[in-house]
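One structure is given here, and the rest of the page talks about it.
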Amino acid sequence: MKFILKSLPLLLFILPALSVADEAENQIKYRQAVMKAIGGHMGASALIVRGKISHRDQLKAHADGLLAMSRDIPGLFPEGSDFGETEAKEILWERWDDFREVSDKSKTSIENFVKAVETGSEDDVVAAFREVGKGCKGCHEDFRQKHEHNH
Amino acid sequence: MAHVSLAVRLVARTFAGKTNSLSCMTRWFFSLSLFAAAPLWGSDTLVDRGAYLVRAAGCVSCHTNPDDHDNGGGGFLAGGRALRTPFGTFFSPNITSDPQYGIGQWSDDDFLRALRHGIAPDGSHYYPAFPYTSYSRLRDEDIRAIAAYLRTVKPAAAANLEHVLPWYLWRGAVAVWKGLFFEPAGFSIAPDKDAEYNRGSYLVAIGHCSECHTPRNRFGALDSSRFLAGAKDGAEGESAPNITPHRSTGIGKWSVDDMVYFLETGALPDGDYTGGFMSEVVDDSTSHLNNEDLKAMAVYLKSLPAIHNPDFAEKQK
């Protein structure tokens, strides 16, 4: 009993910390799920754009999906979601303005891709898709560090 | 016939742990038709070929500082890029044609000694952070082409920075290291393999993929028994994955086409995109190569022995 009373203040201190950690963990899980969805649309689009498969009529849906999921990437990285099983690098929060800029550029490239799919020539589609890929790679270059264990 | 058996021995040696061999063996080059064939690296003048090779060999990423906007440097190939390794921080030098700050006064022989033997014009040894361990495979004529091209690169008046290293890594120590772990290998053609394979093997060697993707011993020498099998905690703490065709821990499930597309764009087969150093390799190097060469690299990589690496466990891809 004495022990419990003694450790109560400590517990009171730890519990909110635990729930904060929990929230951070869920934030991380959510953004990884969103990134996976984005990756899914990119993988599917790549097969169509490269002519490996003939679902050209589906391309618009993938492009729209990409755009919807990329509208606010910085919003997926709230302050405090930097510890836990994340591949996001510390500098993402230290260089927040750069991160926002890279993410805006990526969004613009996806908007252009959507337009190209709607009204452009096949060459426009290929070129616009390339630019989208550069956006993904550019941000991962600076702000993500993969772990050796793929999960 | 003598050539063939020599070539086989050379290949065996190159891939089966040359680290302990102290003997010095240089310059065995076999001009097989694939390398003699006319438009070599997709272009015909010496300077154009050099430009292509500088891309293929990945000189640009290391010798161009991506974030030096206000230091006066930051120019193309003007150096000043920090390379943080487990052994200390190296700063790449200026290799533009500037006669004072760069290497504008270098002769072809200076280039040959630097790239093949890791020796500076004043006779001192270069640190292997400059991957001459890979560039020793470059053929003479390719080094001359690189030299010709570098002489055309816009001069930048950017001074070199001092490396930041622990005391025991003074330049003299490099001679000892080289005695133990370095042998200017030259490139040898595998006579039992076709032209595409050999071309791919050459491009992967000079693309110095193994400098990141092969694990090192504690002296920083590559463990050639685990060639391209993945290395944890390399420069900047990044881990370079297993790129042998092991099915669950490497890239065994990738097709040749997947690899070509990856080297061209950085896209992984599952829709993810690469990052870190590999983004630079793709941006500055492999995306500049023609499709034929990328395919040759892919064919070669797919033909390597599959090595299991538990550090890069179980991919679902």
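Among the residues of the range B:93-111, is any out of contact with any Ser or Thr (no Cβ under 6 Å at 6 or more places or on another chain), more than 18 Å from B:Ala147 (Cβ to Cβ) and not in a loop (DSSP other than H, G, I, E, B)? No, the conditions are met nowhere in the range B:93-111.
For the residues A:Glu90, A:Glu118, the requirement of being free of Cβ contacts under 8 Å to residues at least 60 places away in the same chain, under 17 Å from the mean Cα position of the chain (by Cα) and surrounded by fewer than 13 Cβ atoms within 10 Å (Cβ to Cβ) singles out A:Glu90.
When A:Ala46 is tested against (1) touching a helix residue (DSSP H, G or I) at 6+ places or on another chain (Cβ under 6 Å); (2) at pLDDT 95 or above, just one condition goes unmet, and that condition is (1). When residues in the range B:225-257 are screened for being without any contact (Cβ under 8 Å) to a residue 40 or more places away in the chain, open to solvent by 30 Å² or more (accessible area, probe 1.4 Å) and more than 9 Å from chain A (Cβ to nearest Cβ), 1 of them pass.
Condition check for B:Thr96 on (1) within 30 Å of B:Ser201 (Cβ to Cβ); (2) in contact (Cβ under 8 Å) with a residue 60 or more places away in the chain: one failure, at (1).
The set of residues from the range A:96-115 being free of Cβ contacts under 8 Å to residues at least 24 places away in the same chain and not aromatic (Phe, Trp, Tyr) comprises A:Asp97, A:Glu101, A:Asp104, A:Thr108, A:Asn112, A:Lys115.
Of all residues in the range A:40-81, those satisfying the criterion of being assigned to a loop (DSSP other than H, G, I, E, B), without any contact (Cβ under 8 Å) to a residue 12 or more places away in the chain and more than 14 Å from chain B (Cβ to nearest Cβ) are A:Ser54, A:His55, A:Asp72. The condition (being crowded, with 18+ Cβ neighbours inside 10 Å and free of Cβ contacts under 8 Å to residues at least 24 places away in the same chain) is satisfied by just one residue among B:Tyr300, B:Tyr273: B:Tyr273. Annotation: B:Asp48 fulfils all but one of (1) assigned to a loop (DSSP other than H, G, I, E, B); (2) open to solvent by 50 Å² or more (accessible area, probe 1.4 Å); the unmet one is (1). Yes or no: the range A:93-104 includes at least one residue that is within 12 Å of another protein chain (Cβ to nearest Cβ) and within 21 Å of B:Ala235 (Cβ to Cβ). So far as the range A:93-104 goes, yes, one or more of its residues are within 12 Å of another protein chain (Cβ to nearest Cβ) and within 21 Å of B:Ala235 (Cβ to Cβ). Give me the residue from the range A:121-151 that is more than 14 Å from chain B (Cβ to nearest Cβ), part of a helix (DSSP H, G or I) and free of Cβ contacts under 8 Å to residues at least 12 places away in the same chain and, out of that set, least open to solvent (accessible area, probe 1.4 Å). Once the filter is applied, the top-ranked residue is A:Asp124.
In this structure, B:Asp283 does satisfy being within 14 Å of chain A (Cβ to nearest Cβ) and surrounded by fewer than 20 Cβ atoms within 10 Å (Cβ to Cβ).
Taking (1) within 13 Å of chain B (Cβ to nearest Cβ); (2) without any contact (Cβ under 8 Å) to a residue 40 or more places away in the chain in turn, A:Lys29 satisfies each apart from (1).
Can B:Asp68 be described as within 27 Å of B:Leu263 (Cα to Cα), modelled with pLDDT under 95 and either over 19 Å from the mean Cα position of the chain (by Cα) or surrounded by 21 or more Cβ atoms within 10 Å (Cβ to Cβ) (or both)?
Here the answer is yes, as B:Asp68 does meet what is asked.
Scanning the range B:165-179 for residues that are under 23 Å from the mean Cα position of the chain (by Cα) and closer than 14 Å to B:Pro86 by Cα yields B:Leu165, B:Leu169. Listed by position, the helices (runs of 4 or more DSSP H) contained in the range B:122-213 that have at least 3 residues being at negative phi, open to solvent by less than 50 Å² (accessible area, probe 1.4 Å) and at pLDDT below 95 are B:171-181.
The values are calculated or read from the model by the stated rules, or taken from the named source; none is laboratory data. Note that this is a predicted model, so its numbers are computed, not measured. All Cβ positions, glycine included, derive from the backbone under ideal geometry; neighbour counts span all protein chains shown. What goes into the accessible areas is simple: the full protein's heavy atoms, side chains included, and nothing from ligands, DNA or RNA. Shrake-Rupley method; radii C 1.70, N 1.55, O 1.52, S 1.80 Å.
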